[in-house]
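To start, the structure itself, in structure tokens.
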């Protein structure tokens, strides 16, 4: 049975949206912003609100990389793996982060402090290698500088 607080948050996020299926993506974005991810009870509620199949809502949520179906960390660490960043050592940065955090790319630490992601390219090649923590961009990173940054956030 869904948690009343999560169910209420989903209902609250859906309330401003007209019952027009063209609003599914903005509604999912609103739910994720409110709850932090898209819990299982999202799909039947959104489907009912927009009068579409629950499977169609799930299809949208799983098609777009911006949506998460599991809880995310308080801080999101994104490591660029584009060519310039790769050549300048982003692979070593990712390896050190995985060791330090005890997770692999795409996972969240059990304490929900960090989610680790790989990004194809940030378009900041002159700053390679690039690491983005939450909305802050850090250029010319090394494994040591990245681990020090993570320590500050712990």
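The values are calculated or read from the model by the stated rules, or taken from the named source; none is laboratory data. This structure is a prediction, so every number in the text was calculated from the model and none was measured. Because the Cβ atoms are built from the backbone with ideal geometry, glycine has one as well, and the counts that use them run over all protein chains shown.
Of the residues making up the range 61-70, one or more are free of Cβ contacts under 8 Å to residues at least 12 places away in the same chain and in a helix (DSSP H, G or I). Looking at residue 107, is it surrounded by fewer than 16 Cβ atoms within 10 Å (Cβ to Cβ) and either touching a helix residue (DSSP H, G or I) at 6+ places or on another chain (Cβ under 9 Å) or at pLDDT below 95 (or both)? Considered against the rule, which asks whether it is surrounded by fewer than 16 Cβ atoms within 10 Å (Cβ to Cβ) and either touching a helix residue (DSSP H, G or I) at 6+ places or on another chain (Cβ under 9 Å) or at pLDDT below 95 (or both), residue 107 comes out as no. With respect to the conditions (1) buried (at least 19 other Cβ atoms within 10 Å of the Cβ); (2) within 13 Å of the chain's Cα centre (by Cα); (3) within 24 Å of residue 133 (Cβ to Cβ), residue 80 lacks only one, and its number is (2).
Scanning for something in contact (Cβ under 8 Å) with a residue 24 or more places away in the chain, at negative phi, outside the structural domain of residue 22 (by TED's automatic domain parsing) and assigned to a helix (DSSP H, G or I), does the range 102-124 turn up at least one residue? Checked against the condition, which is being in contact (Cβ under 8 Å) with a residue 24 or more places away in the chain, at negative phi, outside the structural domain of residue 22 (by TED's automatic domain parsing) and assigned to a helix (DSSP H, G or I), the range 102-124 yields no hits at all.
Scanning the range 1-39 for residues that are assigned to a loop (DSSP other than H, G, I, E, B) and either touching a strand residue (DSSP E or B) at 6+ places or on another chain (Cβ under 9 Å) or under 22 Å from residue 76 (Cβ atoms) (or both) yields 36, 37, 38, 39. Please verify whether the range 44-51 includes one or more residues that are assigned to a helix (DSSP H, G or I) and within 23 Å of residue 119 (Cα to Cα). Scanning the range 44-51 turns up no residue that is assigned to a helix (DSSP H, G or I) and within 23 Å of residue 119 (Cα to Cα).
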